[in-house]
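The values are calculated or read from the model by the stated rules, or taken from the named source; none is laboratory data. Everything numeric here is computed off the predicted structure, so don't read it as measured data. Here the Cβ is made from the backbone with ideal geometry for all residues, glycine too, and neighbour counts use every protein chain on show. Side chains are part of the model used for accessible areas, which takes the heavy atoms of the whole protein and leaves out ligands, DNA and RNA. Shrake-Rupley method; radii C 1.70, N 1.55, O 1.52, S 1.80 Å.
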Amino acid sequence: MQTTFTPTQLKDPAIKRSNEILRSCVHCGFCTATCPTYQVLGDELDSPRGRIYLIKDMLENDRDPDAKTVKHIDRCLSCLACMTTCPSGVHYMHLVDHARDYIERRYKRPFSDRALRWILARILPYPMRFRVALLGAKIGRPFARLMPDARLRAMLEMAPKVIPPVSRNDDPQTFASSGVRKKRIALMTGCAQKALNTDINDATIRLLTRLGCEVVVAKGAGCCGALTHHMGKTSESHETAAKNIRAWCAEMDNGGLDAIVINTSGCGTTVKDYGHMFRNEPLAKDAARVSAIAKDVSEVLMDLEAPKASNAHDGMVVAYHAACSLQHGQQIKTYPKDLLRNAGFTVVEPSDSHLCCGSAGTYNLMQPDISKKLKERKVRTLEAKNPDVIAAGNIGCMMQIGSAASVPIVHTVELLDWAAGGPKPPALDGANTADTDIPRLR
């Protein structure tokens, strides 16, 4: 694609990077075939190619964003299926992230939009605030239908029936390995996940320590910054990301780390991009160090003696949901399925497994109508496989699919922990029924 940025514009590192991305696009339209919003809405401007044209026009002309451009950029899920499909290697993620930052700085949204985004940015990344908000939403849930704004209804409806107690395993500490130590790893405990489902981190710690890892929960680490980053709130996202970088580099310099393990794939995609996000900032070197050893939990488990076939689950059929941030953002497609099969589960996949479930961070709260259509399709294709359980590697997907599925949904690592001698995932029957001498950590 031909671009006409001026030499002055190209002195801006963000513009320079976007120019590189724009020039790599050849207008082929392969991306439209795998774009969820294009499939749902049928509008060229709601496809990656259409959004690329809008972003190019906005940036080249250095103009303030208009409502039309903002609407179509906001409708993007950042599922990154387009990047998997693109034969030209267009790095759409960096382009749309730049566009969102540009919009946030130069477009004044309607008051209701600004208020919603402000609330989400100040609640979701903070586990205790989020817990309080979930409790309030749980109380208000019976009145959701009375809400005039679909986004407010979505916020009330997302509240889980049960809010888990705080897990003290998420506090800064070190968990010793069982037997000879093979790896020393830092576990990213996250933010929203600590409020929504504490079983995931507990299962991760149990499994990794059992397989010979010393697991460190670093002091000062917290939210990865993805939620605010994808809203275009760059200063806020970088502030939280910088805390992680400093916390993990302190561990790297005092005891060393073989990996930073992340069990929420949406966070993993962002942490692996810290090197790019901070490339022009004082933390550039440390950010690159962090990105270099950031791993999805499935990557680390493939390097270890992961659990083999077990009789505990008796050939259970698992429908594997591939989170977009894992299969497209991190290009990890087979590891979770291989691990589940090696552990003795029968793994099935839904049709159109490359398409998004509609969660996408805060997307299900800010674009509830589109999100609902994507959720219904995803649940329908998963349940068509008649599984005993659905497995996923991202808390957002789990909440989205779980809100409509008649089949229980758990994190992949919970099933692997169970197969390796840990407790049965509570979501399967609401209680720990596994006969095991490995206690719950909490």
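What ³J(HN,Hα) values, in whole Hz, does the Karplus curve 6.51 cos²θ - 1.76 cosθ + 1.60 give for the range 375-382 when θ = phi - 60°, with x put for Gly and Pro?
5, 4, 5, 5, 5, 4, 6, 5
Where the centre of each part is set by its Cα atoms, how far does the range 191-242 sit from the range 258-278, in angstrom?
What the calculation gives is 10 Å, centre to centre.
Return the sequence-ordered ³J(HN,Hα) values of the range 151-162 in whole Hz as given by the Karplus equation 6.51 cos²θ - 1.76 cosθ + 1.60 applied to θ = phi - 60°, using x for Gly and Pro.
Residue by residue, the range 151-162 yields 5, 5, 4, 5, 5, 6, 6, 6, 4, x, 5, 10 Hz.
Each residue of the range 8-15 in turn: what ³J(HN,Hα) in whole Hz from Karplus with 6.51, -1.76, 1.60 and θ = phi - 60°, glycine and Pro shown as x?
Calculated HN-Hα couplings, in order: 5, 4, 6, 6, 6, x, 5, 5 Hz.
Run lengths n ≥ 4 of DSSP H only: what is the helix-derived mean residue ellipticity at 222 nm for the chain, with -39500 (n - 2.57) per run over all residues, to the nearest 500? Let's see the in-between values first.
Values: 23 runs with 211 residues, N = 442.
It comes out at -13500 deg cm²/dmol, rounded to the nearest 500.
Using mean Cβ contacts within 10 Å as the protection proxy, how do 276-285, 187-196 order, highest first? Write out the running numbers ahead of the final one.
Numbers: 276-285: 15.1, 187-196: 25.1.
Output ranking for 276-285, 187-196: 187-196, 276-285.
With point charges of +1 on the Cβ of Lys and Arg and -1 on the Cβ of Asp and Glu, referenced to the Cα centre of the range 63-114, which listed residue (Ala81, Tyr92, Ser112) lies farthest in the positive direction of the dipole?
Checked the options; the winner is Ser112.
Using a probe of 1.4 angstrom, how much of the accessible area of the range 244-320 is carbon and sulfur, in percent? Show your work: numbers first, answer last.
On the way: 1390 of 3070 Å².
On the range 244-320, the fraction of accessible area on carbon and sulfur atoms equals 45 percent.
How would you order 317-328, 123-134, 173-184 from highest to lowest mean count of nearby Cβ atoms within 10 Å? Before the final figure, lay out each step's value.
Working: 317-328: 25.0, 123-134: 18.2, 173-184: 13.9.
Peptide ranking by packing, descending: 317-328, 123-134, 173-184.
Given Lys11/Lys68; Lys138/Lys424; Lys337/Lys375, which pairs have Cα atoms separated by over 25 Å?
Those over the limit are Lys11/Lys68; Lys138/Lys424.
Summarise the accessible area of the range 321-401 (1.4 Å probe, protein heavy atoms) by the percent that is carbon and sulfur. Don't jump to the answer; show the numbers that get you there.
Numbers: 1220 of 2830 Å².
Taking all protein chains in place, the range 321-401 shows 43 percent carbon and sulfur surface.
Is the range 307-411 best put as rounded, prolate or oblate by its Cα gyration tensor, with a ≥ b ≥ c the root eigenvalues, rounded for a/c under 1.5, and otherwise prolate when a/b is larger than b/c, oblate when not?
Numbers: a/c = 2.24, a/b = 1.64, b/c = 1.37.
In terms of gyration-tensor shape, prolate.
Considering only protein heavy atoms and a 1.4 Å probe, what is the carbon-and-sulfur percentage of the accessible area of the range 12-127? Don't skip to the answer; put the middle values down first.
On the way: 2630 of 4900 Å².
Answer for the range 12-127 is 54 percent, counting heavy atoms of protein chains only.
Can you pull the semi-axes for the range 244-357, root of five times each eigenvalue of the Cα gyration tensor, sorted largest first, whole Å?
Numbers: eigenvalues 200, 66, 13 Å².
The answer is 32, 18, 8 Å, longest axis first.
Which value, in debye to the nearest 20, describes the size of the charge dipole of the chain about its Cα centre when Lys and Arg Cβ atoms bear +1, Asp and Glu Cβ atoms bear -1, and nothing else is charged?
Numbers: 58 positive and 47 negative charges, 173 e Å.
Result for the chain is approximately 840 debye, rounded to the nearest 20.
Classify the chain from the C-alpha gyration tensor, please: rounded if a/c falls under 1.5, else prolate or oblate depending on whether a/b exceeds b/c. Can you show the working numbers first?
Values: a/c = 1.61, a/b = 1.37, b/c = 1.17.
Because a/c hits 1.5 or more and a/b exceeds b/c, the chain counts as prolate.
Report relative contact order for the chain in percent, whole number only (criteria: Cα-Cα under 8 Å, sequence separation at least 6).
Values: 765 pairs, mean separation 60.8, N = 442.
Averaging sequence separation for qualifying contacts and normalising by length gives 14 percent for the chain.
Could you order the peptides 65-78, 89-102 from most to least packed, using the average number of other C-beta atoms within 10 Å per residue? Present the calculation step by step, with values, prior to reporting the outcome.
Numbers: 65-78: 18.3, 89-102: 20.9.
Descending packing order for the listed peptides: 89-102, 65-78.
So, taking all protein chains as they sit and a 1.4 Å probe, how much accessible area belongs to Trp118, in Å² rounded to tens?
Approximately 140 Å² for this residue.
Where the only charges are on Cβ atoms (+1 Lys, Arg; -1 Asp, Glu), what is the dipole of the range 300-429 about its Cα centre, to the nearest 20 debye?
Values: 12 positive and 13 negative charges, 81 e Å.
Charge dipole, the range 300-429, about its Cα centre: 400 debye, nearest 20.
Assign one of three labels to the range 56-181, namely rounded, prolate or oblate, based on the Cα gyration tensor with a ≥ b ≥ c the square roots of its eigenvalues; rounded applies when a/c is under 1.5, prolate when it is not and a/b is larger than b/c, and oblate otherwise. Could the numbers behind the result be given before it?
Working: a/c = 2.38, a/b = 1.28, b/c = 1.86.
Oblate, since a/c reaches 1.5 and b/c is not below a/b.
Would you mind getting the accessible area per residue of the chain, heavy atoms of the protein chains only, 1.4 Å probe, in Å²?
Solvent-accessible surface per residue comes out at 42 Å².
Size of the dipole of the range 51-173 about the Cα centre, Lys and Arg at +1 and Asp and Glu at -1 on the beta carbon, nothing else charged, in debye to 20?
Numbers: 23 positive and 14 negative charges, 125 e Å.
For the range 51-173, the charge dipole is close to 600 debye.
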